[in-house]
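Student: There's a structure below that I have some questions on.
Coordinate-derived values only; no laboratory data. The structure displayed is predicted, hence computed values, not measured ones. We place every Cβ from the backbone using ideal geometry, glycine too, and count neighbours over all the protein chains shown.
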Amino acid sequence: MESRLERYGRFISKEYFAGFLKPEEYAIDDVKPDLRARIKSGTFKRIVFTGMGCSAIVSDIIRGYFAEIGSPIEVFVVNDYEFPFLLPSSIVDDDATLIIISSYSGHSQEPLRAFESLSHARDRVLLLTSGGQLAEAGRKADVSIAYWRLSEPDREYPLFHVTQYFAILLHMFHALGLLEDDEQAVLSRLPEVLTGDAAQRERARAIALSARDSNIAMIGSPKWHESLMKLAKMHFNEIAMTPATRNYFHEFCHSEIATLSDPVRAHTVLIFADGEEDDYTQRKMDNLVGLLTADVPQNRNVTVHKIDIPGEGFLQKYFWALNLVQLITLDLGNYYDVQSRDLISEAAGNPWYHSTTILAEANA
């Protein structure tokens, strides 16, 4: 089995942008006629996604995209199953709310528990999975199921396929009637628009070099906090295996910045900005950069990179920034060269992702 970093490097160079061009690798034959009819009639005014890890991360991108295009459909994302503490019951129990329970493997326990807790809403639940226990539970309960059908999935690291997940969901939502346009023309142009950026590669190398042996703190506006930085944190944590945190920019300035007063351990601060912040935020970002780059002894272990995200519109900006993160991650991963202990699989209680399970199935 190829190492994690070998697969990751190949994925970045050959598969990341190719994912936009494979939007039809899914199946919705098991979506019930009644649910299809309710979707097409415009019954649903909002979508609640629930799932864990990368199974849910594409939901955050969908939320950012829907906000960008001014979609009338509200999108909420819940990474847990204790709904009373996460969303008002007026949202969860409303007949105008479509609930999508997502688990790529179908074996994560939290989505299964979410499904069990929603027995009163089965007629407006859509399971999104490749199979496993979640699909089995859905078939027994006779609920709607949509299936991921990726032709070349990386079993251990589904986060490799976020471009394809996103393209698939837009295609699927258009087919079901949740979106007027599947944006395939826009998505198919992204590889050409975003590839071949030599300056981006050099920028990634510079950031990775300065971030060696340091904690990474990412900050940005709400626009990027959920959609981009949540996934960026997964890449840094799971692939480079380096500590990374994220926070809202304004909240960071009111609290977390205190930890940079005179840190003993090195810290690298990544500020994500796209030029569309209001004047107050832009001035505040410039002020923060000035504070943390000033020639004072307390800044000796602090490095700041303000990343001005280029592009036109949410999709170009998002996937340019994500690729920058991936390139930084690859360089840091090669520097650290840490071997996985399968901690995610074991801590999450999901052996489906465990390397020994994958190898055993491959050998069989």
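Student: Treating cross-link reach as a plain straight distance, find the lysines whose alpha-carbon is under 29 Å from the alpha-carbon of residue 306, omitting any fewer than eight places away in the same chain.
Tutor: Reachable lysines: 14, 223, 230, 233, 284, 317.
Student: Another question, then. According to the square roots a ≥ b ≥ c of the eigenvalues of the Cα gyration tensor, what is the shape class of the range 247-364, taking rounded for a/c under 1.5, prolate for a/b larger than b/c otherwise, and oblate for the remainder?
Tutor: prolate
Student: Only Lys, Arg, Asp and Glu count, each charged at its Cβ (+1, +1, -1, -1), so figure out the dipole size of the range 196-336 about its Cα centre, rounded to 20 debye.
Tutor: 400 debye
Student: Residue 307: net charge of surrounding residues, Cβ under 10 Å, Lys/Arg +1, Asp/Glu -1, itself excluded?
Tutor: Surrounding charge for residue 307 is 0.
Student: Want the number for residue 14 to residue 30: 0.36 nm per residue separation, take away the alpha-carbon distance, what's left?
Tutor: Gain on extension, residue 14 to residue 30, equals 2.5 nm.
Student: 7 Å from Cα along Cα→Cβ at both residue 258 and residue 140: what's the point-to-point distance in nm?
Tutor: 5.0 nm
Student: Which of 287, 343, 323 sits farthest toward the positive end of the charge dipole of the range 286-364, with +1 on the Cβ of Lys and Arg and -1 on the Cβ of Asp and Glu?
Tutor: After comparing all options, I get 287.
Student: Based on DSSP H assignment, which helices of the chain show an axial Cα extent of at least 18 Å together with a mean Kyte-Doolittle hydropathy greater than or equal to 0.5?
Tutor: Helices passing the filter in the chain: 54-69, 162-176.
Student: About its Cα centre, how strong a charge dipole does the range 4-190 have in debye, to the nearest 20, once Lys and Arg get +1 and Asp and Glu get -1 at the Cβ?
Tutor: Computed charge dipole of the range 4-190: roughly 240 debye.
Student: Further question on the same structure: If you take the charge dipole of the range 4-190 about its Cα centre, with +1 on Lys and Arg Cβ and -1 on Asp and Glu Cβ, which of 51, 104, 92 is farthest toward its positive end?
Tutor: 104
Student: Once the other residues with Cβ under 13 Å from the Cβ of residue 87 are scored (Lys, Arg +1; Asp, Glu -1), what is the net sum?
Tutor: -4
Student: Here is a follow-up. Among the lysines, which have Cα under 25 Å from the Cα of residue 40 when same-chain residues fewer than 8 positions away are ignored?
Tutor: Answer for residue 40, where 25 Å is the Cα cut-off: 22, 32, listed by chain and number.
Student: Here is a follow-up. For a label point 7 angstrom out from the Cα of residue 199 toward its Cβ, which stretches of the range 288-318 have the backbone nitrogen within less than 14 Å?
Tutor: The answer is 307-312, whose backbone nitrogens lie closer than 14 Å to the label point.
Student: Let's see if you can work this out: charge +1 on each Lys and Arg Cβ, -1 on each Asp and Glu Cβ, no other charges. What is the dipole magnitude of the chain about its Cα centre, in debye to the nearest 20?
Tutor: 300 debye
Student: Can you tell me what percent of all Cα-Cα pairs in the chain are more than 33 Å apart?
Tutor: In whole percent, the long-distance tail amounts to 31.
Student: Moving on. Report the full-extension gain for the segment residue 250 to residue 152: residue separation times 0.36 nm, less the Cα-Cα distance, to one decimal in nm.
Tutor: Length gained between residue 250 and residue 152: 31.2 nm.
Student: Quick one: of the DSSP bridges fully inside the chain, what percent are antiparallel, nearest 5?
Tutor: So the antiparallel bridges amount to about 5 percent of the total.
Student: Continuing with the same structure: Under a 5 Å amide H to amide H cut-off, with H placed in plane at 1.01 Å, what residues pair with residue 26 once short-range neighbours are removed?
Tutor: Correct list: 149.
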